[in-house]
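The values are calculated or read from the model by the stated rules, or taken from the named source; none is laboratory data. All figures in this text were calculated on a predicted structure; none of them were measured in a lab. Positions of Cβ are generated from backbone atoms using ideal geometry, with glycine treated the same way; all protein chains shown enter the neighbour counts.
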């Protein structure tokens, strides 16, 4: 029993030392978009994009050369609620200067949401497909992975995926600020 | 398939707590914050004072819910001896849900001194769940419990729209006299769409559509009345203290499209 536990501990220790990308808890890249269980471990990579550790995200942010796109989802208030129903949108604290485009990171999105995403990116990059863009939400959130993949499909050439998102940003002692969605997605 | 027929509210609660104990132990993981409550309190209770309700209300909810779209909550009213007041109404609040007031339950003029009520709710992210009891003298008392669950309001419906519509408004009533528990359960089939669920095919949000008002009577006496919102789970289900007395039980419900549903059941004989 004791030997087995020691073996397990050693194995876990080795796993922790293994290089990034081979850790068992990081799933391989799916061929398409992720369509469910959005809050779960994400892959180590995104084909075509550069993965940004928090330190490099900070450097890009300080250099001011990239635009930061927050894709944390937020449901719109349903139109059918009885009058007077108390409603509270959760406040979002994000990377200062980031543009918040909620709901663009679902695995499947409506044409309206897709064009909202396109318009938002165009506004942020002033229509420059070569502008570096950094996509993020929270840690272990597939929404940012999906959104970065989608931005590549739109033709953006310098796509950065920042998987630690606002969680990693705040843990690194960097400031967050309250943001509001760029505009509400059309129904 | 109806989940609650397999796992009643009590069983779900038990399983949730067991799972929590096994996986999380006693570690403090959550950010248990009052910030959301501070911002919604005026909408729920205005500027009225709210006292600690531990002496007269219990709230049992899983620390970590197994299914965020069906989180069992169990409310017990137990007015202490020597306190002559009754509880006239209770509000069920889920701080972090976008529509935080999940339901208001009213007990009529006579109020309740001893009553249990269980239902199932959607929890959208780690949140305090609160019960605020309004006494016969107008005073408010509150208890709360922290629940770790996420995605309950946006989780897809477990039935397709055609299936949900085929059984719409179907009701069930069951008294548990034979088990030795003085309880009964009412269920109404309704998708109770939250408005935050994405339809699989169209990828649009399915419009909110839910049971807004539900009254359960024993003969002419109101057992309880619920004004509900989008946080009440699909196929709203209520288990409550009940003593059969030979009178029929009637259930009347109205949804946000104005559809009404009525049914009367034999209430069982008193002993």
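Among the residues making up the range B:164-184, those that are surrounded by 14 or more Cβ atoms within 10 Å (Cβ to Cβ) and either part of a helix (DSSP H, G or I) or within 14 Å of another protein chain (Cβ to nearest Cβ) (or both) are B:164, B:177. The combined condition, being under 15 Å from the mean Cα position of the chain (by Cα), within 19 Å of residue A:114 (Cα to Cα), touching a residue at least 40 places away in the same chain (Cβ under 8 Å) and surrounded by 13 or more Cβ atoms within 10 Å (Cβ to Cβ), is fulfilled by residue A:161. Quick check on the range B:83-94. Is at least one of its residues modelled with pLDDT under 95 and under 23 Å from residue B:234 (Cα atoms)? No, the range B:83-94 contains no residue that is modelled with pLDDT under 95 and under 23 Å from residue B:234 (Cα atoms). Test residue B:228 against the criterion of being within 29 Å of residue A:75 (Cβ to Cβ), in the same structural domain as residue B:105 (by TED's automatic domain parsing), modelled with pLDDT of 95 or more and within 17 Å of the chain's Cα centre (by Cα), and give yes or no. When the stated conditions are applied, residue B:228 passes them. The sole residue among B:125, B:118 that is assigned to a loop (DSSP other than H, G, I, E, B) and touching a residue at least 12 places away in the same chain (Cβ under 8 Å) is B:125. Give the residues of the range A:60-87 that are touching a strand residue (DSSP E or B) at 6+ places or on another chain (Cβ under 8 Å) and in a loop (DSSP other than H, G, I, E, B), sorted by residue number. Correct list: A:66, A:71, A:72, A:74, A:75, A:76, A:78, A:80, A:82, A:85, A:86.
Per-residue answers, yes or no, for (1) surrounded by 23 or more Cβ atoms within 10 Å (Cβ to Cβ); (2) facing another protein chain (nearest Cβ under 8 Å):
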position	(1), (2)
A:70	yes, no
A:84	no, no
A:97	no, no
A:100	no, no
A:104	yes, no
A:110	no, yes
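Of the residues making up the range A:111-141, those that are without any contact (Cβ under 8 Å) to a residue 24 or more places away in the chain and part of a loop (DSSP other than H, G, I, E, B) number 3.
Residue A:57 passes every criterion in (1) surrounded by fewer than 19 Cβ atoms within 10 Å (Cβ to Cβ); (2) outside any loop (DSSP other than H, G, I, E, B); (3) away from chain B (no Cβ under 11 Å) apart from (1). For the range B:227-250, the set of residues classified as crowded, with 20+ Cβ neighbours inside 10 Å and within 14 Å of another protein chain (Cβ to nearest Cβ) consists of B:228, B:229, B:230, B:231, B:232, listed by residue number.
Return a yes/no flag: does the range A:113-122 have any residue that is within 12 Å of chain B (Cβ to nearest Cβ), surrounded by fewer than 23 Cβ atoms within 10 Å (Cβ to Cβ) and farther than 26 Å from residue B:95 by Cα. Checking the range A:113-122: at least one residue is within 12 Å of chain B (Cβ to nearest Cβ), surrounded by fewer than 23 Cβ atoms within 10 Å (Cβ to Cβ) and farther than 26 Å from residue B:95 by Cα. Mind checking whether some residue in the range A:173-186 is part of a helix (DSSP H, G or I) and either at pLDDT 95 or above or within 20 Å of residue A:112 (Cβ to Cβ) (or both)? No, the range A:173-186 has no match at all.
The condition of being within 14 Å of chain A (Cβ to nearest Cβ) and surrounded by fewer than 19 Cβ atoms within 10 Å (Cβ to Cβ) holds for only one of B:46, B:138, B:108, that being B:46. Examine the range B:256-268 for a residue that is modelled with pLDDT under 95 and within 11 Å of chain A (Cβ to nearest Cβ), and state whether such a residue exists. Checked against the condition, which is being modelled with pLDDT under 95 and within 11 Å of chain A (Cβ to nearest Cβ), the range B:256-268 yields no hits at all.
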